[in-house]
Every structure is written in structure tokens, then in C-alpha cells.
Amino acid sequence: MSQEPTEARSDDLRIAFLRMSVVAAKYRCGCLVVDVDGMPVELRATEPIQPTPTQQIAYGRSLQRAVAKLCGAPLLAALEVHPTIVLVDYEEFLLLHTPDLPVVCVQAHGEELEVEPDERSERERATDGESGDTLPPPLPKWKSVRLHFAKAMSIEQRDQVRALVARIYGDHQLNVLEPFARIEKALGALDAQAE
């Protein structure tokens, strides 16, 4: 039986960060898996993909969603370390969510870690006060984040994921936005090597 995300022991938590980079009309994805201390466990990247002008026209506004699926799924499948959760910064990656591997989009927002009020469970709405929609960032210089969920994610799993992200961000003080910058730098280094 699989362990629920919030039941994972702290030393067993593996957080995957999945990012898409677009440079000169070339798309590349990178995935960094870290432990709760932010130490890298695994780093993978795709080769650059450059859609033709015809493909860009044909896909239109769905091009990034197609690239997310084309690059993201094989990248996650290739990981040697199975992550507890996948945090992404492009909503297009939400289509990679499965019941066994929650995929959540985190984006900088406001001054506090905000929980989408319309997505909270009945239990949360009944037990919290007026300030229950937000959790303060653990350190003053950190940005707050907004969580976006896949439509296919159950309310129960959303509740578990909220608790897990709050635990990662608050209790372990792992900035859930910072690893995306590391991936971007690593992808930039790979692009520079290729030139």
C-alpha cells in the first residue's frame, strides 16, 4: 500500500521540481529532486525541442501544454528516485498528475502562502477562523506561494498536499520557489555547453 504524502517520514521526503525553459524558441525541461534540506538527490534534463513554424501554428496556444507532456512525462518516468510530490511552476505540467504522484503548481503570490479558499474541504471551513485561508511564509524574505491543482486531484488529496507543502515550506524551511532558479541555471549551463 502506498504511503500518503503527509504520512511520509521527513527523512523519506523527496520533492521533485519540474521546470520548462524557453530560449530562442527552443524548449527544454529540467527536473531537480531534493531532500527536505534542499540537497540535490537527482537532476535530469531533456534535450532542447524546437517546434517548426508549422507546428507552432498548428498547436497555437496549446504548444506549451504539448511540450510539457512530451518532455515532462518521460523526465519523471526516468527518475531513479521516486518523489513524494512534484512541484511545477507552469500550470501546463498539471496534466502529469496521477493519484500516485501528486503534481502541484506553485507560483509566487502576495505576502503569505495562500490556500485557495474555494478548494478547501468542509472540515477546514468548519474548523478554521477568518485567517484560515493563508499560512505565513516561514522567513521574512521569502515570497508567498499560491497552489494550483490538477482538476483530477481529489479534494482529500488536495488537503494532504496542502499540509505537505506547508510542512515542507514551514517546518523544514525549504523555499519551494528557489529550486526552480537552480534548474533554470543548470539548463542555461547546458545550453551554453551546446553552443
Over segment 135-157, the set of residues modelled with pLDDT under 85 and either surrounded by fewer than 15 Cβ atoms within 10 Å (Cβ to Cβ) or of a type in the set (A, V, I, L, M) (or both) is Leu135, Pro136, Leu139, Pro140, Lys141, Val145
Members of segment 158-177 found to be farther than 18 Å from Met39 by Cβ and surrounded by fewer than 20 Cβ atoms within 10 Å (Cβ to Cβ), listed by number: Asp159, Gln160, Ala163, Ala166, Gly170
Filter result for Gln50 (in contact with a helix residue (DSSP H, G or I) (Cβ under 7 Å, 6 or more places away or on another chain) and polar (S, T, N, Q)): no
Residues of segment 150-195 classified as touching a His at 6+ places or on another chain (Cβ under 8 Å) and not small (Gly, Ala, Ser), total: 1
For segment 80-105, which residues satisfy the criterion of being over 16 Å from Ala68 (Cα atoms) and in contact (Cβ under 8 Å) with a residue 40 or more places away in the chain? Val81, His82, Pro83, Thr84, Ile85, Pro99, Asp100
Test Ala66 against the stated conditions and say whether it is more than 21 Å from Leu190 (Cβ to Cβ) and in contact with a helix residue (DSSP H, G or I) (Cβ under 6 Å, 6 or more places away or on another chain). yes
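The values are calculated or read from the model by the stated rules, or taken from the named source; none is laboratory data. Just so it is clear, the structure is predicted and the values come from calculations on it, not from any experiment. With ideal geometry, Cβ positions are generated from the backbone for all residues, glycine too; neighbour counts draw on all protein chains shown.
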